[in-house]
Structure formats: C-alpha cells, structure tokens
Amino acid sequence: MQIYCKRLVPATRLIRAARQRGDCEKQTTSVLAKKGTALHDDAQYSSKEKRMTPQQLDFEQSRNLLKQYDIPVLGRGLRTLDQAVKAARAMGFPVVLKAVSSQILHKTDVGCVFLNIFSEADLRAAHDRMLENIRVAGFNEPEGLLIQPLVRPGLEILIGATQDPSFGPMTMVGSGGRLVELLADVMPGIGALNEDDVRGMLARTQAGRIMDGFRGPSLDKNAVIRLAVNVSRLMSEHPEVHELDLNPIIVYEEGFALVDARVIVGDPVHYPKQTDVSPGKMRSLETIFNPGSVAVFGASNTGTVGGIVLKNLRRRCTVYPINPRVTSLQGMTCYPDLASLPAVPDLAVFVVNSETVVREFEKFCQAGGKGAIVISDGFAESGRRELEDRLRELSLAHDVAYIGPNCLGIIDNFSGVNTMFIPDHRTGVIREQNGIGIISQSGGIGLELMEMLHADRVGMGKWVSCGNSSSVGVAEILAHMDQDPRISIIAIYLEGLSEGLKLMEVGKKVSAQKPVIIIKGGSGGGREATMSHTASLAGSHEAFRACCSQAGFYLIEELTEDPKIMVNVLSILTTQPPAMGKRTAVVSVGGGAAVLLADQITAEGMELANFAPQTRQRLQDLLRENVKAARPDDLELMLVNIGNNPMDLFGNCDDRRLIRALEIIADDPNTDVIMAAVYLQVPYLSEYLPERLVEFRRATPKPFIVSPRGLSTHMARFREALYAHRFHTYTVPMVKPLNMALDIWARYGRGFMSECELHEE
C-alpha cells in the first residue's frame, strides 16, 4: 500500500475549487466527498484541461472508504519510524513492516517487506535495513511506512476492479500474490455483481477449485464472494474510483485477512449506459430485411457495383433504379431522382459517393422512407466523420435506421433480398435457407464464413455486414434475429465494441432461447502479462470475455483457425442429431488418426466412451470372423485390445467390417457420439462406401462425425458422394467444434437440424 506525505485536503474543498474554475457541475459531486474521504490538493488538477489527474489514495483514505463497504484492511499507514513503533506497540507484536513508495512496484524484490518483527528493537533494525536496501536499489526514500499484524499463511487471492470505457465497472477475482503474474488466473465480471455472478466467476478459476477443497480443506468461499460483491457495489457507486486492487487477500477455513489495497481516483468515468433497442430501429430492420419495394441510388449496368446490386435485388421485389444519366437499366425503367418514382420505396440502398448519400438520405427520410442500407464508403473510416455524424442525426430525427455505411449489406434467404456487390462467380453465395444467422463487422470475414459454409454444403438464413454501425449496431441486428423464429443459431464476428452494455443486455435475452457464437478480432498485441495489479490485467478483451460469460455467449478464442471452428460448429449443429452426453467413441481405419483424436478429446474435457462388456465381446467376435492369422494364438493376441477406445480396425478393413463395427458401437449404451477417421487409401474400402455410410447414418440417432483422410482427389470424390445425400464430413479442427456443439445441445435440450436435414432423415 502506498501512502503520501503531502498535505491532504478534504474532497469537499477540492470539488469546491473545481466548481469555481468551472471544471464540474454541481450534480457531479463526488461520493467520496460526501463521505469525507480526503484527496490530494489542487495541484493534482491539470490547469490546461481543468481535470483531475488520477491519483492514489493514501492508506488511511483507502481504509476509510473501504470500511464503509465492509472491506476491512489490516494495518496503519504512518509517516515516521516513531509513529510506526507506537502503532506496533498498540497493535501487539509480532508485526509486519512495509515501505510505502510510489517508485517501487515489487517491494519484496527490493527488500522492503519485513515479517516476524517481535520487538521495538527488531522494528528499528528492520527499518534501517529497509532504507539501506532502497538506497542500494537506487530508489528514493519511502514516502511512508505501513505496519500490520502478522497473519498466518493461507490461500492468496486477489479482488480487483476498474472502470472499463465500454462496459463500466468491472470486478475480477482469482489467484493473488505473486501468482497473479505467473498464472493470470483471474475472471472478470461486469456491473454490480450478485453472489451468483461471483460464484460463477470463481468456478472458472484455479483459486476457486482450491477454495472448494482441492487437495486440502475447504476454505471460506462465501466470505470471498461477499467481499467481491461489496467491491463491485463500491465501483458502481463511485465512478470516480478508477482502479481498486485488494492483493493479497489471505483466505482461511473461516474468514480472511486483507493485507494490501490500492485505490486510484480521478474524474468520474463516463461510459455508455444505453441498454435498450429502440422500437424505431426494430421497425426499420423489419423493412430492411423484407421490403415491398427498393430504390437503388447509384444503379448502373452489369459489371459495376451499382449494377451487381441491382441485379441481385431485381430477383426479389419491386426495384426502382435511380441514376440521372440513363433512362433504362437491365430492362427496367431508370429514374433520375427520388421525386420521380411512382411511389415512396420502403428501402433505400445507396451506392453513390458519401456527399450524395447524405443529401439523398435526407430526402428519403422526409418522403416517408422506412429503412436504408448504405454500402458506400467515404465516411468515418476515411476521416469524414462529419458526414457520418450528419447521417446519424437524420436517422434519429426521422426515426429511419440504416445499416452501414461502408458495408456489403445483407442477404436474407427467406425474403430473397441480396444487396451484395461482389459477383456470384467470385464468392460462394448461399441461396439455400436454414436457421443460421450471421452478423459480421468485417465484410471480408463475413464473406469467408459464407464461403466456408457454401463449401461444406451448409445453408444460411440471414447474413449481415454491419460496416461502421453508426445507426444499427450488432445489438439491434441480434435482437432482430432473435425475433425471427426461423433463425435458430446466431454467429457473430466482432472487431470493435462501442456499446458493450447494450450487447450484453440484449444478448442475455437472446441467449436464453438461441445459441450465440462469437469470434472477437483485435484481442491480442497490447496485453502485458507482467503487470502487477489487476486493473492492468483487465484489458478490453478481458472485459469482452466477461460480457460473453454474463450474456451466455459462446466465445471462440482459438487464434489459428477460428472461422473454420465456427463453421464446423454450425455444420454439426444443423446437420447432426443432438447428443446429451460427451462420451465419444473413436474408430479408425488404419493409421494413427484415432490416437490423435483421442488426445484432442481428453484435452477438450470430453470423455472417451468406456464400452460396455457386451460391446467389447461383439467387437472381438467381429474381428475374429474377419482377421486371418497363421496360428490361433496369434489371433487371440491381436484381439486382446479389441474393444478398447480408440479402436483401430486395421489396414485390411473392408466396407462390411467398418459398417458392422459402427453398428455395434452405435448400440453401445455408454456411447453418445461416434467419430470415424477413414484413410481412403486402404485397398479393401470400395467406391460404394459413401452409400453404405449414408445408410448407417440414417439408422443411428447419435451424432456421426466422419473425418476422411487421404489424397485430395480421393477426398474430394468421397466428400462429394456424401454431400449428394446431405451427409457432411469434417476436417481439422473438429474436436473443439464438436465439444462446443455438445455444450449447446445440453444447454438448450434440443437439436438444430434444418428442415431439409430432418426430411432427409
């Protein structure tokens, strides 16, 4: 704990002086001031910006504030050695002596922490050694001293908090002391947390496992939970508290000891508090996805952006091309402007320059338009923020929302609306509808997800490229897809997050009914693992992880192949029957793929099925019929491990042996999921294997994951033969997506197979 020896001024005086300078309004009086907590003098304010520079409270200030929230900090903050001796005498020996220095981050490393001090003489000697250690280390003399009673050892944890600019107060719990840097074992939570929130956070930490009694007695987790709830309440009620760190907290079988605290205060932090989704935006979105008529501003001939958009839209509904330079386009009458149209269109799609967009959008709003898609760029992403601000002002004034600008627009396979401006031959546009909804802040990643789904023969319901999201953001689109009963699964790619609280609040409602799967870009690069206090560990990605946890989202954090992981999750959910357990059987036809799959299964926390005795016997009997050996004893030796999981059917396996083994395993009561790694080079596997696998799949109610292995040409033919019967195969990665799909099935208690898949079944 750091303390300062400067003259302190009551917060009331500080705030009064700030008001006289016009730095703050009357209604923003600090709660700290109301409760009499002292802050530093006016010199901490920047005269140029007239704002208070964030500063650390001294020990007594911190203790007084924390005490009001039932957060007890041990010890006394003092300025002189004589004061420390007096405090130790009153406290009772043994005590602990610590230096208070704003320069020294790790006091133990410098020799500024002395334990087991049993007398005044020991205390004075420790003080002298401490000053010498500080001098040798090259630091200035300490600003003060901290005297604490000696506490017995226990589990060291931390509770920290900060004000996140997107989410507001964020509280973290996890392993403390030196382990905070070594393990980074902390879990964050957003807002004013309740006891259930904190209990769930602790359950995802190693510290929580230890408190539950891992290799030792159970510790007082309930006391820790109450402490964390109090910290989150303090942060919610004090926006002027920027950071708060309680580290370490020593936890015992009963109670705890808080031996260090750090509080940073400054001007109140303002963060987005909007958690609603306006009715106007929802009405606009309904029109955007299912319009009766569409006007295309900037329509042109085929081969251009405006021409491709026009071609895609004319397949669906009444379309009005607008271009003052021509009178007809693609066999349709072309109009010079909005005023010349026979009727006001429901939807406007803009593919003109940014200045024209603003001018024509205003006219569209005044004429009674209902929604818009702004594909055009040249707004905030190009430095033209004033144009985007004007667009937003018009949207709010007339209650006409838009998607974009700087986006690819939408595809709605239910209504047929498609505003893509990329030619069909350059992308795999999905036209077959199913229950998948895709939202992407990146047009490129959105296209990649769609192309991967197309390659895997997986349909799609709705697809949205958000662009700059200056009117309609991810939260509104998520709410729209929630209201559409035809959408059963929602996949999101995020990069920026300006309305985190809105997304979290909307997400809680959506995820109660539908799974929401998210990939978050831009999460690396800036995080420093060596920071010593929790506020520094709480970067934007940590806040987003907390958002996903509290909202009930499924977050994919695999940095190598995350788009493919998401696509495989979506494919498994929409093409496989559900499984309510994770007991997985692995079958291999030749090679070591089964071993690798088994390793991945256990690494993901899944379970390798333990075959029932009758299953083992049936598998041994099967192999006894099919496998030839020179001597009977040799055969029996080969069969010793038959019935273990994973199971290798040997390189001389044929279609019959594979299908019969799969049927036996499908009947096993201890198996929930079947995975088969098939090496297509095996000579006895025939060209008719795909049809036989299809027949097996139709007969089993369990998920059946097939991973073909071999030359690319053989793989392509094999997969195409299965795709013809709506049978999907999977390449790496497959175990991680399967595990997420199993979690989703278990949570929602139902399957998500599309109507065509159910019909095929």
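The values are calculated or read from the model by the stated rules, or taken from the named source; none is laboratory data. None of these values were measured; they are calculated from a predicted model. Cβ coordinates were reconstructed from backbone atoms using ideal geometry, including for glycine residues, and neighbour counts include every protein chain displayed.
Ala223 falls short on exactly one of the conditions (1) hydrophobic (A, V, I, L, M, F, W, C); (2) under 30 Å from Ser101 (Cα atoms); (3) surrounded by fewer than 20 Cβ atoms within 10 Å (Cβ to Cβ); (4) modelled with pLDDT of 90 or more, and that condition is (2).
Residue-wise test of (1) of a type outside the set (Lys, Arg); (2) assigned by TED's automatic domain parsing to the domain that holds Ile519; (3) touching a residue at least 60 places away in the same chain (Cβ under 8 Å); (4) surrounded by fewer than 24 Cβ atoms within 10 Å (Cβ to Cβ).
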position: Ile375; (1), (2), (3), (4): yes, yes, yes, no
position: Ser382; (1), (2), (3), (4): yes, yes, no, yes
position: Asn418; (1), (2), (3), (4): yes, yes, yes, yes
position: Pro423; (1), (2), (3), (4): yes, yes, yes, yes
position: Asn434; (1), (2), (3), (4): yes, yes, yes, no
position: Glu451; (1), (2), (3), (4): yes, yes, no, yes
position: Asn468; (1), (2), (3), (4): yes, yes, yes, yes
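The set of residues from region 426-440 being touching a Ser or Thr at 6+ places or on another chain (Cβ under 7 Å) and closer than 23 Å to Gly496 by Cβ comprises just one member, Ser440. Here Asp672, Asp743, Asp668 are screened, and the one residue that is acidic (Asp, Glu), at pLDDT 95 or above and either in contact with a Lys or Arg (Cβ under 6 Å, 6 or more places away or on another chain) or more than 20 Å from Val586 (Cβ to Cβ) (or both) is Asp672. Residues in region 556-602 that are under 24 Å from the mean Cα position of the chain (by Cα) and free of Cβ contacts under 8 Å to residues at least 60 places away in the same chain were compared, and the one that is farthest from Lys520 (Cα to Cα) is Thr602. Annotation for region 67-89: no member residue is in contact with a Pro (Cβ under 9 Å, 6 or more places away or on another chain), of a type in the set (S, T, N, Q) and more than 30 Å from Ile225 (Cβ to Cβ).
Of the residues making up region 651-703, those that are in a loop (DSSP other than H, G, I, E, B) and β-branched (Val, Ile, Thr) are Thr671, Val682, Thr700. Screening Tyr748, Tyr730, Tyr688, Tyr684 for residues that are at negative phi, touching a strand residue (DSSP E or B) at 6+ places or on another chain (Cβ under 6 Å) and touching a residue at least 24 places away in the same chain (Cβ under 8 Å) leaves exactly one candidate, Tyr730.
Going by the structure shown, is Leu146 surrounded by fewer than 17 Cβ atoms within 10 Å (Cβ to Cβ) and touching a strand residue (DSSP E or B) at 6+ places or on another chain (Cβ under 6 Å)? Here the answer is no, as Leu146 does not meet what is asked. Given the conditions (1) at pLDDT 90 or above; (2) surrounded by 19 or more Cβ atoms within 10 Å (Cβ to Cβ), and given that Ala90 satisfies all but one, which numbered condition is not satisfied? Just one mismatch for Ala90, condition (2). Of the numbered criteria (1) assigned to a helix (DSSP H, G or I); (2) surrounded by 15 or more Cβ atoms within 10 Å (Cβ to Cβ); (3) touching a residue at least 24 places away in the same chain (Cβ under 8 Å); (4) of a type outside the set (Gly, Ala, Ser), the one Arg719 fails is (3). When restricted to residues that are surrounded by fewer than 24 Cβ atoms within 10 Å (Cβ to Cβ), modelled with pLDDT under 85 and either of a type in the set (Lys, Arg) or touching a Leu at 6+ places or on another chain (Cβ under 7 Å) (or both), region 169-201 contains 2.
Of all residues in region 730-740, one or more are touching a helix residue (DSSP H, G or I) at 6+ places or on another chain (Cβ under 7 Å) and of a type in the set (Val, Ile, Thr). Of all the residues in region 304-325, those that are in contact (Cβ under 8 Å) with a residue 12 or more places away in the chain and surrounded by fewer than 20 Cβ atoms within 10 Å (Cβ to Cβ) number 7. Tell me which residues, restricted to region 149-174, are more than 21 Å from Gln206 (Cα to Cα) and not in a strand (DSSP E or B). Correct list: Leu150, Val151, Arg152, Pro165, Ser166, Phe167. Residues in region 688-716 that are surrounded by fewer than 17 Cβ atoms within 10 Å (Cβ to Cβ) and at pLDDT 90 or above were compared, and the one that is farthest from Val458 (Cα to Cα) is Tyr688.
The conditions of being under 34 Å from the mean Cα position of the chain (by Cα) and not hydrophobic (A, V, I, L, M, F, W, C) are met by Pro701.
Let's see how each residue does on (1) of a type in the set (D, E, K, R); (2) crowded, with 23+ Cβ neighbours inside 10 Å; (3) at pLDDT below 95; (4) more than 29 Å from Asp655 (Cα to Cα):
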site: Gln550; (1), (2), (3), (4): no, no, yes, yes
site: Phe553; (1), (2), (3), (4): no, yes, no, yes
site: Val569; (1), (2), (3), (4): no, yes, no, no
site: Gly591; (1), (2), (3), (4): no, no, yes, no
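Taking region 517-535 as the range and being at pLDDT below 70 and either more than 19 Å from Met187 (Cα to Cα) or buried (at least 17 other Cβ atoms within 10 Å of the Cβ) (or both) as the test, the residues that pass are Gly522, Ser523, Gly525, His533, Thr534, Ala535. Out of Gln600, Gln620, one residue alone is at pLDDT below 90 and part of a helix (DSSP H, G or I). It is Gln620.
Here region 202-212 is the region considered, the condition is being of a type outside the set (D, E, K, R) and within 18 Å of Pro248 (Cα to Cα), and the residue that is surrounded by the most Cβ atoms within 10 Å (Cβ to Cβ) is Ala207. Just one residue in the set Ile477, Ile445, Ile439 is of a type in the set (Val, Ile, Thr) and surrounded by fewer than 21 Cβ atoms within 10 Å (Cβ to Cβ); that residue is Ile445.
Please verify whether region 459-477 includes one or more residues that are part of a loop (DSSP other than H, G, I, E, B) and basic (Lys, Arg). No; the residues of region 459-477 include none that is part of a loop (DSSP other than H, G, I, E, B) and basic (Lys, Arg). Annotation note: of Tyr271, Tyr252, the sole residue that is within 28 Å of Val113 (Cα to Cα) and hydroxyl-bearing (Ser, Thr, Tyr) is Tyr252. Reported count of residues in region 96-120, each being among the charged types (D, E, K, R) and assigned to a strand (DSSP E or B), is 1.
Residues checked against (1) in contact with a Phe, Trp or Tyr (Cβ under 8 Å, 6 or more places away or on another chain); (2) in a strand (DSSP E or B):
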| position | (1), (2) |
| --- | --- |
| Pro188 | no, yes |
| Gly216 | no, no |
| Leu227 | yes, no |
| Ser232 | no, no |
| Met235 | no, no |
| Glu243 | no, yes |
| Pro248 | no, yes |
| Glu253 | no, no |
| Val269 | no, no |
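Determine whether Gly331 is within 45 Å of the chain's Cα centre (by Cα) and either touching a residue at least 24 places away in the same chain (Cβ under 8 Å) or over 17 Å from Val374 (Cβ atoms) (or both). In short, no. Tell me which residues, restricted to region 343-355, are part of a helix (DSSP H, G or I) and surrounded by fewer than 15 Cβ atoms within 10 Å (Cβ to Cβ). Listed by number, the list holds a single entry, Glu355.
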